[in-house]
Every structure is written in C-alpha cells, then in structure tokens.
Amino acid sequence: MNLERFRTVIFFIMLALALGLCFALVFPFLRLIAWAVVLAVVIYPAHRRLARRVKQPSVAAGLSCLLALLVVGVPVTFIGAAVVDETTRLAKQVQAAERKGELSRWLPSWDTPAVRAARRWLEQRVDLSQLSLESVISQTVGQVSSFLAKQSVAIVKNVVWVIVQVALTLVTLFFLLRDTPRLMPVIREFMPLNAEQTDVLLRRAADTIYATVYGATAVAVTQGTLGGLAFWALGLPSPLLWGAVMTVLCFVPLLGAPVVWVPTVVVLAAQGAYGKAIALALWGMLVIGLVDNFIRPIVIGARTQLHILLVFFSVLGGLLLMGPLGLLMGPVILAVTLALLDVLKMKLAEGQQGEEEG
C-alpha cells in the first residue's frame with residue numbers, strides 16, 4: 001500500500017468516526033429535528049411570500065415561526081388539555097364506581113330483548129355457564145380506566161419536557177427557514193445524483209409531506225369533529241375524547257373513524273336505543289364516510305400516487321418506529337424509497353442504452 005492510499009484510508013476512517021460521533025450527538029434530538037423539517041416544508045411557501053415583503057431574513061423566519069405556533073400549537077394545546085381533562089374525569093368516575101361496587105349500575109343496562117335473544121342463541125351452541133358477561137365488562141372497563149388514569153398523570157408530569165421540545169423545534173424551524181437558500185445548494189452538492197434526479201427525489205418527499213399534512217390532517221380533523229359532534233348530539237359520554245380518538249385513527253388508512261362509531265352503533269342497538277343507533281349509523285356512512293371522498297381530492301390532488309396498502313403499512317410501521325411522528329414520516333420514507341428506486345431504474349436504463357450504443 002503506497003503512502004497516498006494509506007492516507008486516503010485513514011481519512012475515510014476518521015470521517016466515518018466523526019460522522020458516527022455527530023450522529024450520536026444529534027440522535028436524542030432526531031424526532032424534534034424531523035418535526036421541524038416537516039413544519040419547514042409545510043409553511044415554506046407562506047414563508048417565501050412573507051420574506052418577499054420583509055427584507056430581513058431573521059425577522060421573516062421569526063414571524064413564520066410565530067405563525068406556525070399560533071396556527072398549530074395553540075389549538076392543539078387547548079384541545080389536548082381538554083381531552084386529558086375529560087379522560088381523567090372519566091377514569092376517576094369509573095374507578096370510584098368500581099371501588100364502591102357500583103360499576104354494574106354505572107354501566108348501561110344490557111338486559112334488553114336483543115341481548116337476551118343473542119344470549120339464548122349462543123347458549124344453544126356454546127357453554128356460557130362459566131362466563132359472566134357483566135364481570136368481564138367490569139374487569140375490562142376497570143383495567144382500561146386505570147391505564148388511562150396512569151397515562152393522564154404521566155402526561156401531566158411531562159408537560160415541562162413537552163414545552164422544552166416545542167421550544168427546540170421552533171428554534172430549529174427558525175434556522176431552517178432562515179438558511180434554506182444557503183442549505184439547498186450544499187445538499188445538492190453532496191447528493192450522489194445529478195440535478196434532475198435530485199429534483200425528483202426532493203419533489204417526491206415534499207409532495208408526500210404536503211399530502212400527508214394537508215390532506216390527511218384536513219380529513220382526520222373533519223371526520224373526528226363530525227364524529228365528536230354526533231356523540232355530543234346523541235348524548236353519548238365523552239364526545240371530545242372519542243372525537244380525538246377518531247381523529248387519530250383517521251390518519252391510519254383502512255381504519256379510521258368506523259373503528260369507533262361502528263362498535264358504538266352495535267352497543268346502542270344491543271341496549272335497545274335503536275333510534276340513536278340508526279342515527280349514528282346514517283351519520284357515519286353518509287356524512288363522516290363521504291368526507292374523505294370530497295376533501296382529499298381537493299386538498300391533495302394528484303401530488304402523490306402511493307398505493308393505499310403501502311401507505312397503510314408505512315403509517316403503522318412509522319407509528320411503531322417513531323411514535324406519533326411516524327404518522328407523517330412513514331409515508332415520506334416510503335415515497336423517498338420509491339423515488340430512489342425510480343432513479344435506479346433510470347440509471348439502469350441509461351446504462352443499458354449506453355451498452356447498446358457502444
């Protein structure tokens with residue numbers, strides 16, 4: 001090995017160690033950096049228009065961060081606080097009823113003709129003598145309420161850490177917005193692709209973020225709100241909590257709001273509340289269910305063409321890997337991967353064409 005090659009090997013070893021150490025330094029903050037990147041991509045068009053009027057880049061970035069905080073942070077904070085309060089109150093009510101031995105009275109009555117008929121049908125086929133439906137429901141509700149109570153306390157304890165994370169995300173967002181014109185040329189220089197391929201990759205990632213944030217959020221919030229309003233109008237318990245649950249589920253393809261309102265319809269029908277069951281079923285199918293067909297094409301258009309099954313697994317996988325951030329980043333990772341495969345296909349086609357010409 002000559003001296004120059006030895007120096008090259010040592011250089012790449014040092015570079016790998018340095019990059020590894022830098023990654024270790026940044027690793028605890030990867031999620032908040034990813035949130036900042038997502039927010040930067042989403043609000044950059046508005047920031048660019050603002051920057052044309054405000055000539056100072058730092059002032060324009062600061063105003064854009066303030067706008068993002070007001071538009072996203074304030075509503076999420078108030079709704080989140082209300083959901084936590086409602087969840088805590090519901091959990092305390094259930095736990096108090098369980099301690100007093102009144103949980104069976106607290107729960108709705110299941111002694112209805114529909115339930116009795118279903119029980120007789122099951123008894124003809126299955127031995128139900130060892131099964132106490134009421135005790136199973138009581139035990140399940142007690143366990144769920146205890147879990148929710150513990151989670152609520154944990155959420156309250158972590159409020160300070162959440163505030164710190166939000167502050168760090170806003171600081172990162174500020175510098176991303178301010179320095180994007182200088183960052184993009186650097187990113188392009190280090191991309192192992194030509195200019196056209198780099199543009200395709202970045203555009204695919206940006207389009208997926210837009211589609212996920214604007215389209216999925218608009219659909220999820222609308223469906224969750226409509227579901228919560230239906231629960232409130234029908235006098236069902238904890239409408240805000242279940243509306244929030246439906247909103248979160250609507251981010252996951254193939255699941256959505258029906259995971260909440262369909263079982264509720266079944267429970268209402270089993271309890272003999274046929275009017276409420278029919279009303280909720282019609283509202284769910286004709287209003288909540290059709291929202292997706294109207295809003296998503298308007299907001300998203302044809303910006304992303306990902307198959308729904310691929311999106312489903314990317315969202316669930318992202319959720320398991322990165323928590324709530326995975327709802328957004330899962331589809332983005334999938335889109336970037338598919339874009340890289342497209343680039344590979346282009347390179348192979350170019351290589352094959354070159355061989356044929358040679």
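The values are calculated or read from the model by the stated rules, or taken from the named source; none is laboratory data. Bear in mind the structure is a predicted one, so any value in this text is a computation, not a measurement. Note that each Cβ is placed from the backbone with ideal geometry, even for glycine, and that neighbours are counted across all protein chains shown.
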Tally of residues being surrounded by fewer than 22 Cβ atoms within 10 Å (Cβ to Cβ) and closer than 12 Å to CYS250 by Cα across the stretch 204-222: 5
Some residue of the stretch 28-44 being under 24 Å from ALA61 (Cβ atoms) and among the hydroxyl-bearing types (Ser, Thr, Tyr): yes
Selected residue (only one of ASP127, ASP111, ASP85 is surrounded by 12 or more Cβ atoms within 10 Å (Cβ to Cβ), at negative phi and either at pLDDT 75 or above or outside the structural domain of PRO324 (by TED's automatic domain parsing) (or both)): ASP85
Complete set of residues in the stretch 224-244 that are of a type in the set (S, T, N, Q) and either in contact with a His (Cβ under 7 Å, 6 or more places away or on another chain) or without any contact (Cβ under 8 Å) to a residue 60 or more places away in the chain (or both): THR225
Failed item, numbered, when ASP207 is tested on (1) over 19 Å from PRO324 (Cβ atoms); (2) over 18 Å from the mean Cα position of the chain (by Cα); (3) not in a loop (DSSP other than H, G, I, E, B): (2)
Within the stretch 232-280, tally of residues that are under 20 Å from ALA82 (Cβ atoms) and among the small types (Gly, Ala, Ser): 6
